[in-house]
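Trainee: Sending over a structure as C-alpha cells; questions will come in a sec.
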Amino acid sequence: MLASVLLIVGKPAIAEIREHDRATGQFNTIEQPLPIKIAITLGGMTLIGLELWWFLGSRTSEKTNHHG
C-alpha cells in the first residue's frame, strides 16, 4: 500500500542516455531519495519475512496434521 502511495505521489524519473555515455559504455549513478530507499528496503524485508513465516508455518501445521 505504501508503494502505491509512493508511486502516485512520487515524481517520475526519466532516464536519458547521452551519446558520450553510449559510446564509452559508462554508467551514471542516479541518486534516489532516502524515503524511497527506506520504503523499498522495508517492503523487501516484509516480503521475505512473510515468505519465511508462510513456509515455516506450513511445515509446522503439516507435521501436526499427520500426527492427529
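The values are calculated or read from the model by the stated rules, or taken from the named source; none is laboratory data. Just so you know, these numbers come straight off a predicted model, no measurement behind them. We place every Cβ from the backbone using ideal geometry, glycine too, and count neighbours over all the protein chains shown.
Trainee: Is it fair to say Ile36 is in contact with a helix residue (DSSP H, G or I) (Cβ under 8 Å, 6 or more places away or on another chain), of a type outside the set (Lys, Arg) and modelled with pLDDT of 85 or more?
Mentor: Numbers: in contact with a helix residue (DSSP H, G or I) (Cβ under 8 Å, 6 or more places away or on another chain): yes; of a type outside the set (Lys, Arg): yes; modelled with pLDDT of 85 or more: yes.
In short, yes.
Listed here are the residues, each with its yes/no results for (1) of a type in the set (Asp, Glu); (2) at pLDDT below 95; (3) surrounded by 10 or more Cβ atoms within 10 Å (Cβ to Cβ).
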| position | (1), (2), (3) |
| --- | --- |
| Phe27 | no, yes, no |
| Ile40 | no, no, yes |
| Gly49 | no, no, yes |
| Glu62 | yes, yes, no |
